[in-house]
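Each value in this text was obtained by applying a stated rule to the coordinates, not by laboratory testing. For clarity, every value in this text was computed on a predicted model and none was experimentally measured.
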Amino acid sequence: MSECQGKSSWPELVGVEGTVAEATIERENPLVDAIIVIEGTIVTPDFRCDRVWVWVNKDGIVYQVPTIG
């Protein structure tokens, strides 16, 4: 992750509503696109500096620390 620019991890967003987390991430690091993903969804394993998966449970609450990747 050292080659990525800006903030790269948002542990403070665990427990927050996914849409709020998405907006916060994109505001704090405009270089990334935050993407809400529902628990159990299969995502591509490639690493990208411009993407943050925002993992939410069935209630739309972030349950995993969003990080660049």
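Numerical summary
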read-out: Listed values [x] -1.12; [y] -1.37; [z] -1.24, entry calculated as log10 I(q)/I(0) by the Debye sum over Cα atoms at q = 0.27 Å⁻¹; value: [z]
read-out: C-alpha long axis of helix 18-28 to longest principal axis of the chain, angle in °; value: 20
read-out: For residue 33, distant residues with modelled amide H under 5 Å away; value: 51, 52
